[in-house]
Amino acid sequence: MTLQRADVSVPDDLTSARAKLLYLYLSVRGQATADEVCADLDLDKGTVLSITGTLREQGYVRREDGQYAV
């Protein structure tokens, strides 16, 4: 398996480390369900739903067909 480097930047107004992590994760992965985010980032579902909700309100993340994407 060959890994490629992704050129991704984090929006300046994201201050939470977990929000930055989730944003970067989705930027690189493309899309993921809440359960996939929980498993891959070792976060509980309440935390993931809270962060994705905030990122959606700020316009950084969208939810389509049960998956989150940047």
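Going by the structure shown, is residue 34 free of Cβ contacts under 8 Å to residues at least 12 places away in the same chain and of a type in the set (A, V, I, L, M)?
Working: free of Cβ contacts under 8 Å to residues at least 12 places away in the same chain: no; of a type in the set (A, V, I, L, M): yes.
Judged against the criteria, residue 34 is not a match.
Give all pairs with beta carbons closer than 7 Å in which a residue from region 57-70 that is without any contact (Cβ under 8 Å) to a residue 12 or more places away in the chain meets a residue that is surrounded by 14 or more Cβ atoms within 10 Å (Cβ to Cβ) and of a type in the set (A, V, I, L, M); count only pairs at least 6 apart in sequence or on separate chains.
Pairs that qualify, where the first residue is without any contact (Cβ under 8 Å) to a residue 12 or more places away in the chain and the partner is surrounded by 14 or more Cβ atoms within 10 Å (Cβ to Cβ) and of a type in the set (A, V, I, L, M), are 62/69.
I'm told residue 6 meets every condition in (1) at pLDDT below 95; (2) in contact with a Lys or Arg (Cβ under 8 Å, 6 or more places away or on another chain); (3) among the small types (Gly, Ala, Ser) except one. Can you identify the failing condition by its number?
Just one mismatch for residue 6, condition (2).
The values are calculated or read from the model by the stated rules, or taken from the named source; none is laboratory data. Note that the structure is a prediction, hence the values are computed from the model and not measured. Neighbour counts run over all protein chains shown; Cβ positions are idealised from the backbone, glycine included.
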